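The values are calculated or read from the model by the stated rules, or taken from the named source; none is laboratory data. Please read these numbers as outputs of a predicted model, since none were measured by experiment. Positions of Cβ are generated from backbone atoms using ideal geometry, with glycine treated the same way; all protein chains shown enter the neighbour counts. When the accessible area is computed, the model is the full protein with side chains, heavy atoms only, and any ligands, DNA or RNA have been set aside. Shrake-Rupley method; radii C 1.70, N 1.55, O 1.52, S 1.80 Å.
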Amino acid sequence: MALKLPSVALPAMASFGSPKFSMASIVHPGLKKVENLKTTLMPHQDQQVQVKHSMPPQKMEIFKSLDKWVADNILIHLKSPEKSWQPQDFLPDSKSDGFFEQVKELQERAKGIPDDYFVVLVGDMITEEALPTYQTILNITDGIKDETGASLSSWAIWNRAWTAEENRHGDLLNKYLYLSGRVDMRQIEKTIQYLIGAGMDWKMENNPYLTFIYTSFQERATFISHKNTAKLAGEYGDTELAKVCGFIAADEKRHEAAYTKIIEKLFKIDPDETVQAFASMMRKRITMPAHLMYDGRDENLFDHFSTVAQRLGVYTTKDYTDVLEFLVDRWKVKELTGLSGDGRKAQDYVCELPLRLRKLEEKAHLIAKQAPTISFSWI
Ligand SMILES: [Fe+2]
Ligand SMILES: [Fe+2]
């Protein structure tokens with residue numbers, strides 16, 4: 001079978017289109033106008049058949065029966081608002097007399113940071129800001145959705161509290177970038193509006209097995225990415241920004257712990273389905289949440305952003321493989337026994353995949369290094 005490269009860090013190989021929008025089409029009056037507006041707002045994705053509700057209905061019981069286990073083992077990874085950091089802890093205080101002085105200092109520190117770094121930080125912030133889409137995904141997932149908006153199930157409590165914690169990430173980065181004086185906020189805000197409007201289809205099929213494989217992978221990937229922006233900010237001499245990225249990374253790490261624990265539990269209860277879900281997501285490739293980002297200008301914005309992230313070493317093809325290898329070890333996939341034929345095939349696939357991906361790392365690095373410098377509307 002042909003090996004697909006992870007598009008996350010391999011812009012040239014990415015197969016996703018950007019949303020395409022035509023403002024000219026909405027000027028006509030009447031019904032045509034409504035129809036055209038819909039087309040205008042619709043994301044341009046590869047219009048494959050969308051698979052829905054692929055989990056066999058009898059497996060719903062598994063998730064219902066885990067409610068107490070989630071309360072005891074998963075909710076403990078969350079922090080209450082009283083014990084959480086808030087964006088304001090890292091930002092100039094607009095009600096203090098020294099506000100303008102603090103903003104000036106922030107801008108002085110930001111002056112020593114290269115543009116490429118800001119491209120990556122903006123891309124990370126835009127990804128965080130598309131949070132409404134991620135909460136939507138959790139709430140269309142069978143067995144774990146919040147059915148009322150204030151459901152008392154442990155799964156729903158997790159979904160809401162996780163979202164509430166994540167919401168601080170976009171807020172903090174957004175405000176920091178605004179104050180830095182280094183970026184075009186209007187272009188960034190437009191990109192966020194486009195991205196949330198575009199939605200995302202990660203092919204998780206309303207299936208909690210697939211969803212939690214994805215979230216496990218994604219939380220670890222964002223942990224690595226924020227940890228690396230923290231490290232770089234330190235190297236550029238901005239220890240305050242390093243702190244900002246470091247605290248966000250620590251949140252992602254807690255979330256990773258929770259999601260990987262859920263999959264660990266599913267491996268115990270239902271190893272066959274779980275290993276097949278793991279293989280299925282890896283075959284589809286785990287794409288970064290914001291792969292449909294668009295700023296109204298650059299049709300390949302996500303690819304260009306990924307190239308810079310690879311070049312800077314913030315999130316690379318090597319990181320992608322590292323995450324995969326980590327998860328294979330974390331869930332002891334190699335040691336699984338008693339699987340069905342399809343289960344064994346899935347097990348072999350995920351266990352051998354890291355080795356195959358390693359061979360592509362050097363090439364991906366070279367592609368990114370040799371890619372021409374692109375100008376971003378954000379900077
Ligand atoms: Fe986050
Ligand atoms: Fe996260």
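Data table
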item	result
Distance between region 54-73 and region 129-183 - C-alpha centres, whole angstrom	22 Å
Exposure of THR136 as accessible area (Å², to 10), given a probe of 1.4 Å and all protein chains	80 Å²
Test item: Cα-centred dipole of the chain, Lys/Arg +1 and Asp/Glu -1 on Cβ, debye	740 debye
Inverse mean reciprocal Cα-Cα distance (Kirkwood Rh) of region 51-366, Å	20.7 Å
Cα gyration tensor of region 188-313 - equivalent ellipsoid semi-axes, whole Å, descending	29, 21, 12
Residue (of LEU78, ALA249, GLN310) at the positive-pole extreme of the chain, dipole from beta-carbon charges	GLN310
Chain lengthening between ALA150 and THR163 when straightened (0.36 nm per residue, less Cα-Cα)	3.4 nm
Isotropic mean projected area of the C-alpha convex hull, region 232-379 (nm²)	10.8 nm²
Rounded accessible area of PHE326 (nearest 10 Å², 1.4 Å probe)	60 Å²
Square roots of five times the Cα gyration tensor eigenvalues for region 241-303, Å	30, 22, 6
Long-range Cα-Cα pairs in region 116-272 (distance over 21 Å), rounded percent	49 percent
At R0 = 51 Å, FRET efficiency that the Cβ-Cβ distance of LYS268 and GLN88 yields, to 0.05	0.75
Most to least accessible of TYR134, TYR209 (protein chains only, probe 1.4 Å)	TYR134, TYR209
Part-to-part distance (alpha-carbon centres) for region 192-245 and region 89-106, which is given in Å	27 Å
Residues in region 176-199 reached by a label modelled at ASP115 [backbone nitrogen below 16 Å; 7 Å Cα→Cβ]	181-185, 187-188
Kyte-Doolittle at least -1.0, axis length at least 24 Å by Cα - qualifying DSSP helices, the chain	154-180, 208-235, 239-269, 341-370
Rounded percent of accessible protein surface that carbon and sulfur make up, region 51-366, 1.4 Å probe	53 percent
Charge tally in the Cβ shell below 13 Å around ASN139, where Lys, Arg are +1 and Asp, Glu are -1, ASN139 excluded	-1
Charge tally in the Cβ shell below 10 Å around THR222, where Lys, Arg are +1 and Asp, Glu are -1, THR222 excluded	-4
